[in-house]
Every structure is written in structure tokens, then in C-alpha cells.
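Engineer: Here it is, the structure in full.
The values are calculated or read from the model by the stated rules, or taken from the named source; none is laboratory data. Just so it is clear, the model here is predicted, and its values are computed rather than measured. Please note: Cβ atoms are built from the backbone with ideal geometry, for glycine as well, and neighbour counts cover all protein chains shown.
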């Protein structure tokens, strides 16, 4: 009766261990990968600054007929170093907002760009004989403001500003700031459940290895299967995002997390197999010793 009760209790605890293991795995992978440094690396590896420059050139070129300002006026004053700085500042400010709940504010000022726009307006006014009056100054400032607005939108590759505006970032802040605690609690829960398995199987200690091995194997398989499906099916590649730099930013981040989660799942499966092998080795040795004793 006691053996049956021990088995049922061990089964229940092993199920809980599967769930806590998956939680620990997911939170740990998130805690390691959702960092500014990782996002900076992804921005560099995926050439987000180069993609952003291309998209800006397309935008300003398409707006020529309505604004009368050639794309070269903007693009000759915008280089990859400037774009790279703004993109990385958006990442830093975005994560700061994620931690503190503050606004996403980035300095996108560019003296070369402002001078280029001013020179174009002054030259156009002189060639057409228009006065450089209050109307002229107003149009000039509106053009600068519009340029900065477009640059801000395109350089915010992870769309932190939009997430903040729609209240998504505030909700994520609650989870992000508790990520360390979630990792600690879930890992501690795994340890406690393993200890309970040991106490339940105190009369035959190797059984603890069996239950832990089975739980680890199942947790790893449950985690690995969806990760494999997402990667093998090219799920993230099917995202429909018009801006190339935003598409690259989000798909690369999703793939990074999924690959890391898959790697962690494989490690858990391997650990489960190792536990089970040790269990089988010990039980075979025990059975052999028992037969020899008879």
C-alpha cells in the first residue's frame, strides 16, 4: 500500500517537475537573451543601419513629387554611423523604458542634415526670387521636423515607441522586472520537488534518478517540439512587415530566442537520458549483487 502511495505521489510530483522545469528553462533563456547587448549584436549582425538607410532613401525619393525636396538633400547628410548611433540609442532607451516605465526619448539631431536642408531652401529661394520671410522659415522648420520624425520612426527598429504608445511596454515592464525572481522561484521549485522525490523514495534511492530523468526528458521534449516546428517551418520568415529593418530586427530576435530555447531543451533531454542511464546502471548492479548474494 505504501509502495503504491509512494508511486502515485512520485508521479504527481514528477508532473509538477515537468511544468516547473519548462518554466525555469523559459525564464532563464529569456533572462539571458532579452538584454541590450544581445539586441545591439543582432542590429550589427543583421546590418539594420544599412537596411534603414535603404528604406530612408526609398521614402525620401517617393516624397519628392509632394515636397519638392530631392532625396539627396537628406541622404547626403545621413551616413551609416549616424543611423547606427540612433538605432542603438533607441535600443538603450527602449530597455530603460522597459525597466522604469519612462518615455522613449532619443536625440536624433544632425547638424549636417539641418545645414543641407537650409542650404537647399536658401538656394531654391534665391533661384526662384522668393523672399526668405516668416513663411519661408516656417516651411524650413516643418521640413526639418518631418525629416527627424521619419528618421526616428525608421531607426526605432524594435518599435519601442509604438509599444509604449499602445500600452504594451507598460505591461511587459511588470514581467521584465520580475524575470530574475521568476528564475529563482522556478529553479528553487525544481530543487524542492527533486528533494521530495528523494524523500518519497528514501528506501530505494535510485528511483529518485528515474523520476527526475523521466521528468527532464518529457520537459525537454515538450519544449523542443514547438521550437523545432517554428524553425523548420520557417514560421518567422512568413511575418509580413513592410520595413526591411523592422522585419530583420523582429525575426532575428525571435529566432535567437527560439534557438536558445531549443538548445536548452536538448540539454534537458540529454540530462534526463543521463539520469535514466545512471538509474539503470545502479539497478542492474544492485540486481546482480542480490543474485550473487543468494
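Engineer: Please work out if residue 15 is closer than 29 Å to residue 177 by Cα and either modelled with pLDDT of 95 or more or not in a helix (DSSP H, G or I) (or both).
Structural biologist: Numbers: closer than 29 Å to residue 177 by Cα: yes; either modelled with pLDDT of 95 or more or not in a helix (DSSP H, G or I) (or both): yes.
Yes: the conditions hold for residue 15.
Engineer: Please go through the range 152-207 and pick out each residue that is out of contact with any helix residue (DSSP H, G or I) (no Cβ under 7 Å at 6 or more places or on another chain), assigned by TED's automatic domain parsing to the domain that holds residue 55 and buried (at least 19 other Cβ atoms within 10 Å of the Cβ).
Structural biologist: Result: 161, single match.
Engineer: Identify, by number, the condition in (1) without any contact (Cβ under 8 Å) to a residue 60 or more places away in the chain; (2) assigned to a helix (DSSP H, G or I) that residue 242 doesn't meet.
Structural biologist: (2)
Engineer: Quick test for you: out of 49, 3, 41, pick the one residue that is loosely packed, with under 14 Cβ neighbours inside 10 Å and closer than 28 Å to residue 243 by Cα. Walk me through it before giving the result.
Structural biologist: Details: 49 fails: loosely packed, with under 14 Cβ neighbours inside 10 Å; 3 fails: closer than 28 Å to residue 243 by Cα.
Going through 49, 3, 41 in turn, the sole match is 41.
Engineer: Go through the range 164-186 and count every residue that is over 15 Å from the mean Cα position of the chain (by Cα) and part of a helix (DSSP H, G or I).
Structural biologist: Within the range 164-186, residues that are over 15 Å from the mean Cα position of the chain (by Cα) and part of a helix (DSSP H, G or I) number 12.
Engineer: Considering the range 225-239 alone, what residues qualify as being on the phi < 0 side of the Ramachandran plot and within 18 Å of the chain's Cα centre (by Cα)? So that I can check it myself, show each step before the final result.
Structural biologist: Quick first cut of the range 225-239, residues on the phi < 0 side of the Ramachandran plot only: 225-233, 235-239.
Matches in the range 225-239: 226, 227, 228, 230, 231, 235, 236, 237, 238, 239.
Engineer: Which of the following residues is modelled with pLDDT under 95, in a helix (DSSP H, G or I) and surrounded by 15 or more Cβ atoms within 10 Å (Cβ to Cβ): 275, 261? Break it down into steps so the answer makes sense when it comes.
Structural biologist: Numbers: 261 fails: modelled with pLDDT under 95.
One residue alone meets the criteria, 275.
Engineer: Mind checking which residues of the range 133-151 are farther than 14 Å from residue 117 by Cα and surrounded by 11 or more Cβ atoms within 10 Å (Cβ to Cβ)? Before you say what the answer is, go through the steps one by one.
Structural biologist: Taking the range 133-151 as the starting set, the residues that turn out to be farther than 14 Å from residue 117 by Cα are 133-135, 149-151.
Those that are farther than 14 Å from residue 117 by Cα and surrounded by 11 or more Cβ atoms within 10 Å (Cβ to Cβ): 149, 150, 151.
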